[in-house]
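*Asks:* The structure that follows is given in the form of structure tokens.
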Amino acid sequence: MLVLKFGGTSVANAQAIRQLISILQKKENPRMLVVVSAMSKVTDLLISLYQKAATHDATYLEALAQLEAKHMAAIEELVPMSQQIEIKGRIKIIFRELEDVCRGIYLLDELSDSTKARVMAYGERMSSAIISVALQHHGLPNTLVDSRDFIETDASYLNAKVNLKATYARMQERLPQVPLIVAPGFVSRSAEGKTTVLGRGGSDYTASLYAAALHADVLEIWSDVDGMYTTDPRKASAAYSIEELSYEEAMELAYFGAKVLYPPTIAPLVTAGIPLVLKNTFNPDHRGTLISATPTPSPLAVKGISCIDHMAVLTVSGSGMIGVPGVAMRLFKAVASENINIYFITQSSSEQSITIGLAEAEGEKAVQAISAEFAADLALELLNQVSLETPMSIVALVGNGMIQKPGVAGKAFSLLGEHGINIRAIAQGATERIISVVLNSADAERAVNLLHQKFFLSVPESSEAALA
Ligand code: ADP
Ligand code: ASP
Ligand code: MG
């Protein structure tokens, strides 16, 4: 069994879908399952659709018409004229349903997370229906399934948590035994039967769930770049594709901002021991990046550099923290009660302050939660007012090689210092596989390029080839 996932740009229009078709036509696997994202930008458009409807902006109707035209154009280019009626009819029905949901939002002023998830799910529902029919007409008979019938989640609609046991059991018992299945990514259903979605970028995760349940030999994720790069190619033009990564390295790089892979994707593959290959739909002959439990050892200490922007640094400080047990616990509890994700934590050795990194959008909410928790201590001036610094970025150096090689952190810090880049906080993971530094966003791109130059471009390529 081979599971493949094609992302938004890989299904952006008829031309891209033809590429996808030619990739599948060359495969010789007796069983394949293909997961597809919504056509590029469609999820963003769907979000703007419900936002417009909720604010009584009637131009949502124009956005809807634009969306419909985009899907119809793909059908017209991919399906022979005489066969278009059926699929066009199905897409039209889906659009009328979407129009009804939007009208409901417009009229009722009601926009719950459940409704948002329902609207967002239309993108993958439409792209999978169209691609299934397009494959049919290009000599690739297949069965279209609805991933909502297989992936069961909790009721956190926009970032739903998957019930793995129920999901795997359904996939194993109920998926049709056919050579080719097409399935929408991203979409799922709560135990109560409502549509949920797996978080932005979540189609990668859908694919890894299918791969793990079906014991796939390999999972291929097809995107618009030649795999996982040494750093974000949009930030550093010198970035290049990494040949191999361990699961842990890939997970850290993804977690700290390498958008090419949605972070939760790796976990199901680790448990099932399934290798993951990241490939480029528009350059299919490139080897891409192989992610597995046992990558070929690399002479490089640092394998990749990630960067997440739009972060905030929050600091709780004060003399009242010294020697008082439970301050950290209360702080984390206050943040956790608001469902806020913490990216890193540092504590000064004198115990006078604790600094955490979190998403900028959640900064104010975290300050309020912490201020409420420590209201009494603040009133007694045992603690200073909680400080929040934005916009910050986290730059993370990742590599299994750092575990044995001392000095990477020192080199990184002195390099940034020499160039006048102020490091606001530093964290090193317990595994020593990752070092992250927090800095002002205005310095982030320069820091990434400097570090990239230092750790990658000064290494002669031959030393990598020697180990291959
Ligand atoms: P898809 O729609 O196929 O899921 P995404 O847009 O989610 O694709 O991810 C691919 C994009 O991730 C690339 O176009 C690239 O700009 C961005 N990216 C960020 N960091 C990295 C990295 N380290 N390696 C490769 N791509 C990255
Ligand atoms: N279409 C969804 C998004 O844009 C999921 C995905 O593409 O992975 O977030
Ligand atoms: Mg993606």
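The values are calculated or read from the model by the stated rules, or taken from the named source; none is laboratory data. Note that the structure is a prediction, hence the values are computed from the model and not measured. Positions of Cβ are backbone-derived with ideal geometry, glycine not excepted, and every protein chain shown enters the neighbour counts.
*Asks:* From the list 124, 86, 110, which residue is modelled with pLDDT of 95 or more, of a type in the set (Asp, Glu) and under 30 Å from the mean Cα position of the chain (by Cα)? Let's see the steps before the verdict.
*Replies:* Details: 86 fails: under 30 Å from the mean Cα position of the chain (by Cα); 110 fails: modelled with pLDDT of 95 or more.
On inspection, the qualifying residue turns out to be 124.
*Asks:* Residue under question is residue 282, and the condition is that it be at pLDDT below 95, among the aromatic types (Phe, Trp, Tyr) and away from ligand 2 (no atom under 16 Å from the Cβ); does it hold?
*Replies:* Values: at pLDDT below 95: no; among the aromatic types (Phe, Trp, Tyr): yes; away from ligand 2 (no atom under 16 Å from the Cβ): yes.
When the stated conditions are applied, residue 282 does not pass them.
*Asks:* In the range 96-129, what count of residues is obtained for those that are in a helix (DSSP H, G or I), more than 16 Å from ligand 3 (Cβ to nearest atom), of a type in the set (A, V, I, L, M, F, W, C) and in contact with a Phe, Trp or Tyr (Cβ under 9 Å, 6 or more places away or on another chain)?
*Replies:* Number satisfying all stated conditions: 7.
*Asks:* Pull up the range 406-433, narrow it to residues that are assigned to a loop (DSSP other than H, G, I, E, B) and within 30 Å of the chain's Cα centre (by Cα), then point me to the one that is nearest to residue 300 (Cα to Cα).
*Replies:* First, pick out the residues of the range 406-433 that are assigned to a loop (DSSP other than H, G, I, E, B): 406-407, 419-422, 429-433.
If we keep only those that are within 30 Å of the chain's Cα centre (by Cα) too, we end up with 421-422, 429-433.
Working: 421: 24, 422: 26, 429: 18, 430: 20, 431: 17, 432: 15, 433: 12 Å.
The extreme case among them is 433.
*Asks:* Still on this structure: For the range 245-255, check the following and say yes or no: at least one residue is surrounded by fewer than 24 Cβ atoms within 10 Å (Cβ to Cβ), away from ligand 1 (no atom under 13 Å from the Cβ) and of a type in the set (Ser, Thr, Tyr).
*Replies:* Checked the range 245-255: at least one residue is surrounded by fewer than 24 Cβ atoms within 10 Å (Cβ to Cβ), away from ligand 1 (no atom under 13 Å from the Cβ) and of a type in the set (Ser, Thr, Tyr).
*Asks:* Within the range 38-95, can you find the residues that are assigned to a loop (DSSP other than H, G, I, E, B) and of a type outside the set (A, V, I, L, M, F, W, C)?
*Replies:* So the first thing to find is which residues in the range 38-95 are assigned to a loop (DSSP other than H, G, I, E, B), and the list is 38-41, 55-59, 79-80.
Correct list: 40, 41, 55, 56, 57, 59, 80.
*Asks:* Further question on the same structure: Given the residues 164, 108, which is the only one that is farther than 21 Å from residue 76 by Cβ, more than 16 Å from ligand 2 (Cβ to nearest atom), among the hydrophobic types (A, V, I, L, M, F, W, C) and surrounded by fewer than 16 Cβ atoms within 10 Å (Cβ to Cβ)? Even if it seems obvious, please write down each step before you answer.
*Replies:* Working: 164 fails: surrounded by fewer than 16 Cβ atoms within 10 Å (Cβ to Cβ).
The conditions single out 108.
*Asks:* Moving on to the next point. Looking at (1) small (Gly, Ala, Ser); (2) surrounded by fewer than 20 Cβ atoms within 10 Å (Cβ to Cβ); (3) away from ligand 3 (no atom under 16 Å from the Cβ), which is the one condition that is false for residue 199?
*Replies:* Looking at each condition in turn, residue 199 falls short on (3).
*Asks:* Name the single residue that is farthest from residue 58 (Cα to Cα) among those in the range 91-133 being among the basic types (Lys, Arg) and free of Cβ contacts under 8 Å to residues at least 40 places away in the same chain.
*Replies:* Taking the range 91-133 as the starting set, the residues that turn out to be among the basic types (Lys, Arg) are 92, 96, 103, 116, 118, 125.
Still in the running and free of Cβ contacts under 8 Å to residues at least 40 places away in the same chain: 92, 96.
Working: 92: 20, 96: 16 Å.
Among those residues, the one meeting the criterion is 92.
*Asks:* A further question on this structure: Going through the range 196-249 one residue at a time, which ones are more than 12 Å from residue 304 (Cα to Cα), among the hydroxyl-bearing types (Ser, Thr, Tyr) and either within 16 Å of ligand 2 (Cβ to nearest atom) or touching a strand residue (DSSP E or B) at 6+ places or on another chain (Cβ under 8 Å) (or both)?
*Replies:* 196, 203, 205, 206, 208, 210, 223, 247
*Asks:* Still on this structure: So for the range 148-166 (the condition being of a type in the set (S, T, N, Q), more than 16 Å from ligand 1 (Cβ to nearest atom) and either over 20 Å from residue 44 (Cα atoms) or free of Cβ contacts under 8 Å to residues at least 24 places away in the same chain (or both)), does at least one residue qualify?
*Replies:* yes
*Asks:* Could you check, for the range 38-50, whether at least one of its residues is touching a strand residue (DSSP E or B) at 6+ places or on another chain (Cβ under 7 Å) and within 16 Å of ligand 3 (Cβ to nearest atom)? If you could, list the steps in order and put the result at the bottom.
*Replies:* Here is the first cut: in the range 38-50, the residues touching a strand residue (DSSP E or B) at 6+ places or on another chain (Cβ under 7 Å) are none.
So far as the range 38-50 goes, no, none of its residues is touching a strand residue (DSSP E or B) at 6+ places or on another chain (Cβ under 7 Å) and within 16 Å of ligand 3 (Cβ to nearest atom).
*Asks:* Something else about it: Report yes if residue 17 is within 26 Å of the chain's Cα centre (by Cα), in a helix (DSSP H, G or I) and within 15 Å of ligand 1 (Cβ to nearest atom), otherwise no.
*Replies:* On the way: within 26 Å of the chain's Cα centre (by Cα): yes; in a helix (DSSP H, G or I): yes; within 15 Å of ligand 1 (Cβ to nearest atom): yes.
Answer is yes for this residue.
*Asks:* Out of the residues in the range 1-17 meeting the condition of being within 12 Å of residue 207 (Cα to Cα) and out of contact with any helix residue (DSSP H, G or I) (no Cβ under 7 Å at 6 or more places or on another chain), tell me which one is farthest from ligand 2 (Cβ to nearest atom). Show your work before the answer.
*Replies:* The initial filter retains those residues of the range 1-17 that are within 12 Å of residue 207 (Cα to Cα), namely 2-7.
Right, trim to out of contact with any helix residue (DSSP H, G or I) (no Cβ under 7 Å at 6 or more places or on another chain) and you get 2, 4.
On the way: 2: 19, 4: 14 Å.
Per the criteria, the residue is 2.
*Asks:* Between a residue in the range 7-18 that is more than 15 Å from residue 78 (Cα to Cα) and any residue that is assigned to a loop (DSSP other than H, G, I, E, B) and β-branched (Val, Ile, Thr), which pairs come within a Cβ distance under 9 Å, given they are 6 or more apart or on different chains?
*Replies:* Here the result reads 7/260; 7/281; 9/281, each pair linking the range 7-18 to a residue that is assigned to a loop (DSSP other than H, G, I, E, B) and β-branched (Val, Ile, Thr).
*Asks:* Follow-up. Which pairs do you get when a residue that is closer than 22 Å to residue 226 by Cα and more than 9 Å from ligand 3 (Cβ to nearest atom), found in the range 260-272, comes within reach of a residue that is assigned to a helix (DSSP H, G or I) and of a type in the set (S, T, N, Q), reach meaning Cβ atoms under 7 angstrom, with the pair 6+ apart or on two chains?
*Replies:* Once the first residue is closer than 22 Å to residue 226 by Cα and more than 9 Å from ligand 3 (Cβ to nearest atom) and sits in the range 260-272, its partners that are assigned to a helix (DSSP H, G or I) and of a type in the set (S, T, N, Q) give 265/208; 269/208.
*Asks:* State whether one or more residues within the range 322-330 are away from ligand 1 (no atom under 14 Å from the Cβ), within 28 Å of residue 162 (Cα to Cα) and at pLDDT below 95. Even if it seems obvious, please write down each step before you answer.
*Replies:* Narrowing the range 322-330 to residues away from ligand 1 (no atom under 14 Å from the Cβ): 322-330.
With the extra rule that they be within 28 Å of residue 162 (Cα to Cα), the set shrinks to 329.
Filter once more, so that each one left must be at pLDDT below 95: 329.
Yes: one or more hits.
*Asks:* Something else now. Taking the criterion of being buried (at least 20 other Cβ atoms within 10 Å of the Cβ), over 23 Å from residue 33 (Cβ atoms), over 16 Å from the mean Cα position of the chain (by Cα) and away from ligand 3 (no atom under 16 Å from the Cβ), would at least one residue in the range 203-222 satisfy it?
*Replies:* No: the range 203-222 contains no residue that is buried (at least 20 other Cβ atoms within 10 Å of the Cβ), over 23 Å from residue 33 (Cβ atoms), over 16 Å from the mean Cα position of the chain (by Cα) and away from ligand 3 (no atom under 16 Å from the Cβ).
*Asks:* Further, regarding this structure: For residue 245, which of the numbered conditions (1) part of a strand (DSSP E or B); (2) within 16 Å of ligand 3 (Cβ to nearest atom) fails to hold?
*Replies:* Here residue 245 meets the rest and fails (2).
*Asks:* Okay, moving on. Would you confirm, using the coordinates I've provided, whether residue 234 is in contact with a helix residue (DSSP H, G or I) (Cβ under 8 Å, 6 or more places away or on another chain), among the basic types (Lys, Arg) and farther than 23 Å from residue 170 by Cα? Lay out the reasoning, then the answer.
*Replies:* On the way: in contact with a helix residue (DSSP H, G or I) (Cβ under 8 Å, 6 or more places away or on another chain): no; among the basic types (Lys, Arg): yes; farther than 23 Å from residue 170 by Cα: yes.
Taking the combined requirement at face value, the residue does not satisfy it.
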